[in-house]
Amino acid sequence: MRLLLAAASLLALSQLTGCSSDSKSAKTSGITTDATAATPADSTEKTVAAPAIRSVSTGDSTLDSMTYNPTGAILPKHRIFAYYGNPHSKKMGILGKYEKEEMLRRLDQEIKNWEKADTTNTPIQPALHLVAITAQGSPGKDGGYRLRMSDRTIKKVIRWGNEHNALVFLDIQRGHAPLGPEMKYLEKYLKLPFVHLGIDPEFSMVTGARPGAKIGSYDAADINQAVQFLSKVSKENNLPPKILVVHRFTQGMVKNYKNIKLDPNVQIVMDMDGWGPPVLKKDSYLAYIKKEPVQYTGFKLFYDNDFRKKGSRIMTPKEVLNLDPVPLYIQYQ
């Protein structure tokens, strides 16, 4: 079934909503999925042994003081459960809607709900997913149509993750800015073993359009660039495999998926990111994630937007766990 998803965009930091796209406004036909690692026919998944001790220095004393040191590949032995957003915006997601302690309390309670629903007893790994570079409706001084979060903001969320034994994902909404320098901006944080990367095609404006005016896209070459960058960080710093989350809710958001190259130092998650009624979310997942498999799959739920359509509701943990393949990355906005 072909789906339509409407993109709601982040035009200013005070109005950030992230990938709040409805399953009824732009054609969707691409979602990459597999909870146990669905790989292209010409690829085989590889794993690498994780170092037991981290000896890397980030060059930042605050970051080097972090003690959370997960070892080994996170996927597929764990299911990642992430809260998404930005602490400066209540509208962008659950991460910024509540003060730190209340947000973490809700995270832990939600994880308990999922543990009860999961008959496979897959261990859940908590995570915080910060939009660290946000798309903007105005070009800014350099014409990039994006805003980088300050070192202070990024460190704050990383500190929350460190204290809570939670992974931290730093997400890039690049606007018109080249992807390479934006990843470089985050490199010192990615040297920590519990910090990973997300990239959002919705706000990758390759056509030159203003973010929010149209849905953006990434080609396989862009995703390969991110994989190569993370692999280099992992190898140079003797780290466990890094995770790359790619958001997707339309066919055109990810182009030439068969050309995406797997790397033993990076685990790729294609995250079904659209909002709307359960039937549309399920169909989107099958149409764009399952039918265009890369490696692992994710699924996003919206505390607010999934209720925007009359009679709609948020899917239950059991409903999501009944998807085929079962997502190994769960995100709540």
Work out the FRET efficiency for Thr153 and Asp324 from their Cβ-Cβ distance, taking R0 = 51 Å, and round it to the nearest 0.05. 0.85
May I ask you to sort Phe307, Phe81, Phe249, Phe299 by Cβ crowding, counting other Cβ atoms within 10 Å and putting the fewest first? Phe307, Phe81, Phe299, Phe249
Run the simple label-point estimate for Thr62 and Glu163 please: 7 Å along Cα→C-beta, distance reported in nm. 1.3
Residue order, fewest to most beta carbons within 10 Å, for Lys112, Lys255: Lys112, Lys255
Rounded to whole Å and sorted largest first, what semi-axes of the equivalent ellipsoid does the C-alpha gyration tensor of segment 111-193 yield via the square root of 5 times each eigenvalue? 31, 15, 11
Fully extended, how many nm does the chain gain between Thr316 and Asn238 (0.36 nm per residue separation, minus their Cα-Cα distance)? 24.2 nm
Quick one: what do you get for segment 266-306 if you divide its Cα Rg by 2.2 N^0.38 Å? 1.18
Mind sorting Trp275, Trp114 by how few other Cβ atoms lie within 10 Å of their own Cβ, fewest first? Trp114, Trp275
For segment 163-272, the Rg and Dmax computed from alpha carbons only, in angstrom: 13.7, 41
Return one quarter of the surface area of the convex hull spanned by the alpha-carbon atoms of segment 206-333, equal to its mean projected area, in nm². 8.8
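We did not get these values from a lab; they are worked out from the coordinates using the rules stated. Being a predicted model, the structure only gives us computed values, none of them experimental. Cβ atoms come from the backbone with ideal geometry, glycine included; neighbour counts cover every protein chain shown.
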